[in-house]
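Notes follow once the structure below has been shown.
The values are calculated or read from the model by the stated rules, or taken from the named source; none is laboratory data. Because the structure is predicted, anything quoted here is derived from the model rather than measured. Note that we place each Cβ from the backbone using ideal geometry, even for glycine, and neighbour counts take in every protein chain shown.
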Amino acid sequence: MRTTLTGAELDERLYSLPEFPNRIPYRTAYWADRWGFCVTEEQRRAIRPEEEYEVCVDARLEDGHLTYAEALLPGESEDEVLLSTYVCHPALANDNVSGIALLAVLGKRLVERRLRRSHRLLFSPGTLGPLAWLSRNLEHLDRIRAGLVVACVGDPGALRYKRSRAGETAVDRAAAYVLRGRPGSMVEDFVPWGGDERQFCSPGFDLPVGALTRTPHGLFPEYHSSADDLDLIDAESLGDSLAATLEILDVLERDRVYASRNPYGEPQLGRRGLYRPTLRGRGERRFRAPRRRPPRGAVVKVLVTGHHGYIGSVVAPMVAEAGHEVVGLDTFFYRGCDFGSDLAPVDELRLDVRDVTPADLAGFDAVVHLAALSNDPLGDMNASWTYDVNYEGTLHLARVAKEAGVARFVFSSSCSMYGASGRDDALDEDAPLRPLTPYAESKVRSEEGLVGLADSGFSPVSLRNATAYGVSPRLRLDVVLNNLVGWAFTTGRIRLLSDGSSWRPIVHVQDAGRAVLGALAAPRETIHAQAFNVGASSENYQIRDLAALVHEELPECEVELAEGAVADPRSYRVDFHRFERAFPEHQPEWDARRGTAELAAAYRAAGLTWDDFDGARYTRLKQLQRLLDEGRLDADLRWREAA
C-alpha cells in the first residue's frame, strides 16, 4: 500500500506511549483488518496536522501459511509433556527471547537424560501458533499428560505459576511443590487472559497446561515496548527460571501411580515383618498402635489463632509441614486483603478469640496464639479495643485452653514492650519493660497473666518477636521495612516518617515461624513460663540504615524526611542470646538486605501501585475503619452479620 495522508489522518494510525515518550510500543491486531505504525511519543508530536505525508506499507493481506517449530524428545512411553514458548516478537528480550532461550537450553539438558515420558518443545507465534498446532494434532492430544508455557522468565521478579484451567492436575501440584521453597514466589488460579496457556486450556481442548513466568504479561513497565531489552534481563533470575522448570519436570518424571498385583482383601503384613500380634504370650509386650507425631516433638494437634493474618498465614502452613495437625482460628477481619495465594490451606474455625469455649479446644495438644490487634495507631484510635482483644482475649483463651487440657500455650508477644529504653546496650529478657502504646501494654499484661496460669499441666511460653517484615499472603504495609520498600516502589521516594535515628530489631515472618516450631518441639523445662526475644543480634537497625538498604536495592529512589519528622520515642536494641541458646536449630535465616530484595521483587511481580499502597487492603487500621464505616462491625469490633 502506498498513499498520501495529512498529519491528522496519519495520527489515527499511530501508536505511542505518552507516559514513556522515548519508547516505541509493540502493537498487534490479530483479528482486525487494519494497519498502523508504532512510534515514540516524541515522533508523534512532531507530526504536523495539516502537512501531507507519504505512507508506504510493503505488505499484503492474503491467504498464506503459519510457521512453527517443534522438537519431540522420545521417552519410554508415548505420553507427553508439552513445553511451549512464543517467538512472534523477538525484539523484546523478556517478553519473548527469555522463553526461547530457556526452552533451547532446556532441550539440550533433556536430550542428555533418559526420559520416562516423551517431551515436546514447541516454538510458535503467540495465540495463533498454539491454535494452529492444536488443530493439526487433534488425534494425539490425549497423550499430553502435563505442560508448561514459559515466558517473561528473565526479569528480577519472583517466580509465578498460573494453574491450568482444571486447577489440580499433576503439573499444578508439581509447580506448587517446587515454588513453595522459593521466597516470594506465587501460585495463582487460572484466568482467561495472559499467554498461550489460554489456548491449550480453552474449552474443547482443556489440556493440563500451566504457565511459568517471573513478572507476568503487562505487569512490568517495559512490557510490549522497546524498553524490554537486554538491560531488563537478569542472568541469575533466568538461570533460576531454568532450574525451577527442570525441578518441575523432575517431579513429573518421578510421579508414579502404583498398581497392586494382589488387589483383593487385606494386605498380609505379618509375613513381611510389618505387623505385630495383639495377643500376648509370656514375656511379650502389649502392642499399641503408635500415635502419629512430628519429629523431635511431643505435640500433635495444634490450634493456630490468627492463622489468616500477616504472620499466621505464613506460620500455620509451616507448623503443618513440620508434621503437626493444624486447625486455624480467625475472625477474618482481613478476608479479601490478599497478596498472592495462600501457601497451603489448613482446616479453620471462624471464631473470635473472646468467644472460644473449652469444647472448641477439646483434643488439642497446643495453642499457638497469634491473633491480636497488631498496630500502634489502632491502639491510639481506641485503646479499649486493644485491651479487650489482646489482653482480655488472650487470658480468656488461655483459661479455656487450660480447662480443656491443652498442655502448651505459645504466645506471640513483642519486643515493643521495651519501649523507650534510654540505654545504649542491647536489652535481654530481664530488662525493665517500658511500654509506650496500648499494644505494647497489652502484651506486658498478657505475659504477666499467662505466668500466673502456669502449673504442672499448663506451660505457657512468650515469644517476644522483633518487628516483623517480609512477604506474606496477608501482607502488611504498616510495618517499617515493608512500608519503606512499598513507598519507594510506588512513589520513587524512600520516605521516613521520623528522623531515622531510632533503633528497631526486625525479624522475617518465616523466622518468626521457625521460633514457633522451636517452642512446640522444645522440652517442657526449656519453655515453661519463659519469655524469649525472637530475632538475631545482628538484625538491630536504625531506621535510616534500613532506608539505606532500600536505596541500595532501588537506587533510583532517594531518601526524604516527612514534613515535621522528629525522633521516634520507640527506640531499643535487643539481645537474642537466650533464644539462640535454647533453640539452636531454629535460628533466623533471613537478614534485612535479603528481605528488602524479596519485598521489592514481590511488589514488582504483583504490580503494586500507589492506590494499593495507600488503600485499606494492606493497612490494618484502614481496613477495620472501612468495616466500621460500612456497619459490618459493631462498637466492640464484633461482626454484625456473617462475613
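Considering (1) polar (S, T, N, Q); (2) under 19 Å from the mean Cα position of the chain (by Cα); (3) under 23 Å from TYR30 (Cα atoms), say which one SER185 fails and leave the rest. For SER185, the exception is condition (3). If you filter segment 79-127 down to residues that are closer than 24 Å to GLU139 by Cβ and acidic (Asp, Glu), you find that the one that is surrounded by the most Cβ atoms within 10 Å (Cβ to Cβ) is GLU80.
For segment 28-50, a residue qualifies if it is surrounded by 10 or more Cβ atoms within 10 Å (Cβ to Cβ) and among the acidic types (Asp, Glu), and the qualifying residues are GLU41, GLU42.
If you filter segment 615-632 down to residues that are touching a Lys or Arg at 6+ places or on another chain (Cβ under 9 Å) and free of Cβ contacts under 8 Å to residues at least 60 places away in the same chain, you find that the one that is farthest from TYR334 (Cα to Cα) is GLY631.
Taken as a whole, the structure places ALA488 among residues that are in contact with a Cys (Cβ under 6 Å, 6 or more places away or on another chain), on the phi < 0 side of the Ramachandran plot and not assigned by TED's automatic domain parsing to the domain that holds GLY393.
Residue by residue, here is whether (1) surrounded by 19 or more Cβ atoms within 10 Å (Cβ to Cβ); (2) part of a helix (DSSP H, G or I) holds:
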{"position": "ARG495", "(1), (2)": "no, no"}
{"position": "LEU517", "(1), (2)": "yes, yes"}
{"position": "ASP545", "(1), (2)": "no, yes"}
{"position": "LEU549", "(1), (2)": "yes, yes"}
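Filtering SER118, SER77 for residues that are at pLDDT 95 or above and more than 25 Å from ASP231 (Cβ to Cβ) leaves a single hit, SER118.
Does VAL559 satisfy being surrounded by 16 or more Cβ atoms within 10 Å (Cβ to Cβ), among the β-branched types (Val, Ile, Thr) and in a helix (DSSP H, G or I)?
Spelling it out, it is not the case that VAL559 is surrounded by 16 or more Cβ atoms within 10 Å (Cβ to Cβ), among the β-branched types (Val, Ile, Thr) and in a helix (DSSP H, G or I).
Considering (1) in a helix (DSSP H, G or I); (2) within 30 Å of GLU236 (Cβ to Cβ), the lone condition that PHE579 does not fulfil carries the number (2).
So that you can scan it fast, the table gives a plain yes or no per residue for (1) surrounded by fewer than 17 Cβ atoms within 10 Å (Cβ to Cβ); (2) at pLDDT 80 or above:
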site	(1), (2)
LEU219	no, no
TYR223	no, yes
LEU232	no, yes
GLY239	yes, yes
ALA243	yes, yes
VAL257	yes, no
PRO263	yes, no
GLU266	yes, no
GLY273	yes, no
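Taking segment 1-19 as the range and being among the polar types (S, T, N, Q) and in contact (Cβ under 8 Å) with a residue 40 or more places away in the chain as the test, the residues that pass are THR3, THR4, THR6. When ALA362 is tested against the conditions (1) within 26 Å of LYS162 (Cβ to Cβ); (2) surrounded by fewer than 21 Cβ atoms within 10 Å (Cβ to Cβ), the lone failure is (1).
Of these, LEU115, LEU138, which one is under 34 Å from the mean Cα position of the chain (by Cα) and in the same structural domain as ALA227 (by TED's automatic domain parsing)?
LEU115
Note on segment 339-353: among residues that are crowded, with 16+ Cβ neighbours inside 10 Å and either among the acidic types (Asp, Glu) or free of Cβ contacts under 8 Å to residues at least 60 places away in the same chain (or both), the one that is nearest to VAL406 (Cα to Cα) is VAL353. Of all residues in segment 434-464, those being assigned to a loop (DSSP other than H, G, I, E, B) and of a type in the set (A, V, I, L, M) number 2.
The rows are residues; the columns are (1) out of contact with any helix residue (DSSP H, G or I) (no Cβ under 7 Å at 6 or more places or on another chain); (2) within 24 Å of SER416 (Cα to Cα); (3) without any contact (Cβ under 8 Å) to a residue 60 or more places away in the chain.
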| residue | (1), (2), (3) |
| --- | --- |
| ILE527 | no, yes, no |
| SER538 | yes, yes, yes |
| ILE543 | no, yes, no |
| GLU552 | yes, no, yes |
| ALA562 | yes, yes, no |
| GLU598 | yes, no, no |
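Scan segment 203-217 for residues that are part of a loop (DSSP other than H, G, I, E, B), touching a residue at least 24 places away in the same chain (Cβ under 8 Å) and of a type outside the set (A, V, I, L, M, F, W, C) and the total you get is 6. Across segment 148-183, the number of residues qualifying as among the small types (Gly, Ala, Ser), surrounded by fewer than 24 Cβ atoms within 10 Å (Cβ to Cβ) and touching a residue at least 60 places away in the same chain (Cβ under 8 Å) comes to 2. Does segment 417-434 include one or more residues that are on the phi > 0 side of the Ramachandran plot and touching a Leu at 6+ places or on another chain (Cβ under 8 Å)? So far as segment 417-434 goes, yes, one or more of its residues are on the phi > 0 side of the Ramachandran plot and touching a Leu at 6+ places or on another chain (Cβ under 8 Å).
In segment 454-483, the qualifying residues are those that are over 15 Å from the mean Cα position of the chain (by Cα) and charged (D, E, K, R), and the one that is modelled with the highest pLDDT is ARG464. Counting residues in segment 501-510 that are in the same structural domain as SER413 (by TED's automatic domain parsing), assigned to a helix (DSSP H, G or I) and not acidic (Asp, Glu) gives one or more.
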